[in-house]
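The values are calculated or read from the model by the stated rules, or taken from the named source; none is laboratory data. Since we're looking at a predicted model, the values are computed, not measured. All Cβ positions, glycine included, derive from the backbone under ideal geometry; neighbour counts span all protein chains shown.
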Amino acid sequence: MQDSTDLILALLRDSCSWSGVEAPEGRYGALLDARHPPSLICLELSDRADYYPKISGGIHRFHIQWLPWLDQGTARAIESTIKFRLGLSAL
């Protein structure tokens, strides 16, 4: 079972089309083709990132909100522009 799961995830990851994007004010959203939604959303961040992504969405769209690692109280998005690479699988 583990080998099968590893193979499927490798195929999904290898099929990603990557692009560089920016999240102004710590937020990024995109519409998806409901007839051909991606099977996997991948993110590539800087090794020194002191924030993490909160991803939500469905068949028509997705939204990423970047939050600080050490948040005191209610989670609030980072208020600066975040640059990252976004990969959407084609399978």
Exercise. Report, by residue number, each residue of the stretch 1-26 that is part of a strand (DSSP E or B) and acidic (Asp, Glu).
Key: GLU22
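To keep it simple, each residue is scored yes or no on (1) among the hydrophobic types (A, V, I, L, M, F, W, C); (2) in contact with a strand residue (DSSP E or B) (Cβ under 6 Å, 6 or more places away or on another chain); (3) free of Cβ contacts under 8 Å to residues at least 60 places away in the same chain.
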position	(1), (2), (3)
LEU31	yes, yes, yes
PRO38	no, yes, yes
TYR51	no, yes, yes
ARG76	no, no, yes
Self-check item: Filter result (touching a Leu at 6+ places or on another chain (Cβ under 8 Å) and hydrophobic (A, V, I, L, M, F, W, C)) within the stretch 10-29
Solution: LEU11, LEU12, CYS16, TRP18, VAL21
Quiz item: Which residues, counting only those in the stretch 65-91, are modelled with pLDDT of 80 or more and assigned to a loop (DSSP other than H, G, I, E, B)?
Solution: TRP69, ILE78, GLU79, SER80, THR81, SER89
Quiz item: All but one of (1) out of contact with any Asp or Glu (no Cβ under 6 Å at 6 or more places or on another chain); (2) surrounded by 10 or more Cβ atoms within 10 Å (Cβ to Cβ) hold for GLU25; which doesn't?
Solution: (1)
